[in-house]
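Notes to accompany the following structure.
The values are calculated or read from the model by the stated rules, or taken from the named source; none is laboratory data. Computed from a prediction, not measured in an experiment: that's the story for all the values here. Note that each Cβ is placed from the backbone with ideal geometry, even for glycine, and that neighbours are counted across all protein chains shown. Areas reflect the complete protein model, heavy atoms only, side chains present, ligands, DNA and RNA absent. Shrake-Rupley method; radii C 1.70, N 1.55, O 1.52, S 1.80 Å.
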Amino acid sequence: NLVKLVEMDEQSGEIWCRLAGARVAKGDVLLFLDCHIEVGYNYLPPLLEPIARNYRTVTVPTLDVISKKTYEITEFPRGRTVFDWHFHAQRIPLKDADWDLSPDENYPTPIIWGSTYAISTKHFWELKPDSGLITQGADFLEMSFKINLCPMTTLQQLKLII
């Protein structure tokens, strides 16, 4: 089966549900997508290719915005995701050298978006995600710190063309 539905015995929250799914996953890569994420044609190869080269690479796509009134797609500007002093995710411009990259090439970013990222199953469990977290969004804070503190991990953001 390509997809397996995991039902929780009780309402458990987003973080514990992700961990429950990760525990039963049999593939080499975990792809986390929140329910509000819509993927385009051929979205998966650019997320998997960097992980296939180095299993300690975590990939995060740049998410475009779909208008809830017109369904028009607006491109989300390229940039790095960082924390401000209140631990809110903020976007900052790319470094000058990164602008030489084509729009579909990867570039490093220090923070993942919790709504969607791909990580090798092996590396996910090496980072020891904390199932004690209960606040929505806490997993993206935790994973961002662990990814950046693990010296062998690289985090790459991708601009996916829909």
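Keeping to region 1-23, report how many residues are out of contact with any helix residue (DSSP H, G or I) (no Cβ under 8 Å at 6 or more places or on another chain), open to solvent by less than 60 Å² (accessible area, probe 1.4 Å) and part of a helix (DSSP H, G or I).
Counting residues in region 1-23 that are out of contact with any helix residue (DSSP H, G or I) (no Cβ under 8 Å at 6 or more places or on another chain), open to solvent by less than 60 Å² (accessible area, probe 1.4 Å) and part of a helix (DSSP H, G or I) gives 4.
Looking at (1) within 24 Å of Phe145 (Cβ to Cβ); (2) surrounded by fewer than 16 Cβ atoms within 10 Å (Cβ to Cβ); (3) basic (Lys, Arg), which is the one condition that is false for Arg80?
(2)
Being within 21 Å of Leu2 (Cβ to Cβ) and touching a residue at least 60 places away in the same chain (Cβ under 8 Å) is the filter here, so list the residues in region 19-38 that pass it. It would help to see each step written out before you state the result.
Initial filter on region 19-38 (within 21 Å of Leu2 (Cβ to Cβ)): 19-35, 37-38.
Scanning region 19-38 gives Leu19, Ala22, Ala25, Gly27, Asp28, Val29, Leu30, Leu31, Phe32, Leu33, Asp34, Ile37.
Go through region 29-69 and give me each residue that's open to solvent by less than 90 Å² (accessible area, probe 1.4 Å) and among the polar types (S, T, N, Q).
Asn54, Thr57, Thr59, Thr62, Ser67
Do we find a residue being over 22 Å from Phe124 (Cβ atoms), among the basic types (Lys, Arg) and not in a loop (DSSP other than H, G, I, E, B) anywhere in region 76-88?
Yes: region 76-88 contains one or more residues that are over 22 Å from Phe124 (Cβ atoms), among the basic types (Lys, Arg) and not in a loop (DSSP other than H, G, I, E, B).
Find the residue count for region 51-75, including only residues that are part of a loop (DSSP other than H, G, I, E, B), more than 22 Å from Asp139 (Cβ to Cβ) and of a type in the set (Ser, Thr, Tyr).
Of the residues in region 51-75, 3 are part of a loop (DSSP other than H, G, I, E, B), more than 22 Å from Asp139 (Cβ to Cβ) and of a type in the set (Ser, Thr, Tyr).
Conditions tested, residue by residue: (1) surrounded by 15 or more Cβ atoms within 10 Å (Cβ to Cβ); (2) modelled with pLDDT of 80 or more; (3) assigned to a loop (DSSP other than H, G, I, E, B).
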| position | (1), (2), (3) |
| --- | --- |
| Phe124 | yes, yes, no |
| Asp130 | no, no, yes |
| Thr135 | no, no, yes |
| Phe140 | yes, no, no |
| Gln157 | yes, no, no |
| Ile161 | no, no, yes |
